[in-house]
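Supplied in structure tokens, the structure appears directly below.
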Amino acid sequence: METMNIPRQLLVTVDGSTNIANVTRAIKMLRGVTTIKATKPTVKKPRLYDPEMGEYLNDKTMKAIEDVRSGKDKGTLYASFEEFEKAMRAL
């Protein structure tokens with residue numbers, strides 16, 4: 001019976017102060033290592049959770065919130081609730 005040579009992967013995580021080149025050289029010295037790929041972790045932006053909907057806010061909503069927080073978008077101010085209601089009904 002012939003055995004199949006199925007490649008397996010090993011994920012190594014190192015802290016940010018570690019020199020990746022040194023770790024890569026050390027791993028290359030191990031018997032059986034065929035390839036090494038170093039990747040930078042992707043940093044996900046925090047998302048807000050809406051407990052009423054039971055979902056996280058989508059990218060478009062998060063961008064609108066970030067624009068207001070950063071000052072890129074000043075938003076819209078209304079003098080009264082009636083003015084706000086009139087503008088919303090006109091949409």
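Can you name every residue in the range 16-25 that is assigned to a loop (DSSP other than H, G, I, E, B) and exposed (fewer than 10 other Cβ atoms within 10 Å of the Cβ)?
16, 17, 19
Sort out which residues of the range 31-85 are part of a loop (DSSP other than H, G, I, E, B) and among the polar types (S, T, N, Q), and write them in order of number.
Result: 34, 35, 39, 42, 58, 76, 80.
Let me ask another. Conditions: (1) touching a Phe, Trp or Tyr at 6+ places or on another chain (Cβ under 6 Å); (2) in contact (Cβ under 8 Å) with a residue 24 or more places away in the chain. Residue 47 meets all but one. Number of the miss?
(2)
Another one. Within the range 41-66, restricting attention to residues that are open to solvent by 100 Å² or more (accessible area, probe 1.4 Å) and among the hydroxyl-bearing types (Ser, Thr, Tyr), which residue is nearest to residue 11 (Cα to Cα)?
In this case the residue turns out to be 42.
Yes/no matrix, rows are residues, columns are (1) open to solvent by less than 100 Å² (accessible area, probe 1.4 Å); (2) touching a Ser or Thr at 6+ places or on another chain (Cβ under 9 Å); (3) without any contact (Cβ under 8 Å) to a residue 12 or more places away in the chain:
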| position | (1), (2), (3) |
| --- | --- |
| 14 | yes, no, yes |
| 27 | yes, no, no |
| 31 | no, no, yes |
| 36 | yes, yes, no |
| 72 | no, no, yes |
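The values are calculated or read from the model by the stated rules, or taken from the named source; none is laboratory data. These figures come from a predicted structure and were not determined experimentally. A quick note on method: Cβ atoms are made from the backbone with ideal geometry, for glycine too, and the neighbour counts reach across all protein chains shown. With ligands, DNA and RNA removed, areas are computed over all heavy atoms of the protein, side chains included. Shrake-Rupley method; radii C 1.70, N 1.55, O 1.52, S 1.80 Å.
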